[in-house]
1. Cα centroid distance between region 1-70 and region 123-151, in Å?
2. Can you list the lysines whose alpha carbon sits under 27 Å from that of Lys21, skipping same-chain ones fewer than 8 residues off?
3. How charged is the neighbourhood of Val26? Take every other residue with its Cβ under 14 Å from the Cβ of Val26, and add Lys/Arg as +1 and Asp/Glu as -1.
4. In percent, what relative contact order does region 2-141 have, based on Cα pairs under 8 Å that are 6 or more apart in sequence?
5. Tally Lys and Arg at +1 and Asp and Glu at -1 over the other residues with C-beta under 10 Å from the C-beta of Val151: what net charge comes out?
6. What number comes out for the charge environment of Asn84, summing +1 per Lys or Arg and -1 per Asp or Glu over other residues with Cβ under 15 Å away?
7. Order of Lys58, Lys21 from fewest to most other C-beta atoms within 10 Å?
8. For region 65-94, run through the trypsin sites (Lys or Arg not before Pro) and keep only the ones in DSSP coil with at most 14 other Cβ atoms within 10 Å of their Cβ.
Amino acid sequence: KLLELISEEDRGVRTQKDATKRDAIVDAIESMAVIGRSSITTGESLSSTWRLLWTTEKEQLFILEKAGLFGTTAGDVLQVIDVNKRILNNVITFPPDGVFFVRSDIEIASPQRVNFRFNSAVLRAKNWEIPLPPFGKGWFENVYMDAEIRV
């Protein structure tokens, strides 16, 4: 049901303007969280490259929505996580040659919660690169739908 709800939402960009749809998606996620509440989701299985399908994260949605102002569209949005090295990299691609890359350190806070702190950011194109000041910290909790999908 969740995948069906998010399938036409442009990774959350359309959902920003549709509170009813956003609430339905959040309700579906919360229902899954109840089922998986006792599972450990911050172990080695979290170490992977994850492709973003939907988010409410405002900065990512802003970049996805405004990419056209820079003459491009957003490609893949990825999270590359290495639990052992305590690294989280957020990557937004802008085909054919652009990327927005944010590096973070992570700390496992509980069996389902990860804290993170940004420590560097860069906007790169084919012939140029702009380092940006790292900004912010936060946390996330997740539940696995299966071996390939987490929410």
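The numbers here are math on the coordinates, done by the rules we state, and not lab data. Just so it is clear, the model here is predicted, and its values are computed rather than measured. In this analysis, Cβ positions are derived from the backbone assuming ideal geometry, glycine residues included, and neighbour counts consider all displayed protein chains.
1. 13
2. Partners found: Lys1, Lys58, Lys66.
3. Values: positive: Lys1, Lys21, Arg22; negative: Glu9, Asp18, Asp23, Asp27, Glu30, Glu57, Glu141.
Residues close to Val26 contribute a combined charge of -4.
4. 17
5. Charge balance in the 10 Å sphere: -1.
6. On the way: positive: Lys85, Arg86; negative: Glu44, Asp82, Asp105, Glu107.
Residues close to Asn84 contribute a combined charge of -2.
7. Listing Lys58, Lys21 from fewest to most nearby Cβ atoms yields Lys58, Lys21.
8. Working: sites: Lys66, Lys85, Arg86; in loops: Lys85, Arg86.
Of the trypsin sites (Lys or Arg not before Pro), the ones in loops of region 65-94 whose Cβ has at most 14 other Cβ atoms within 10 Å are Lys85, Arg86.
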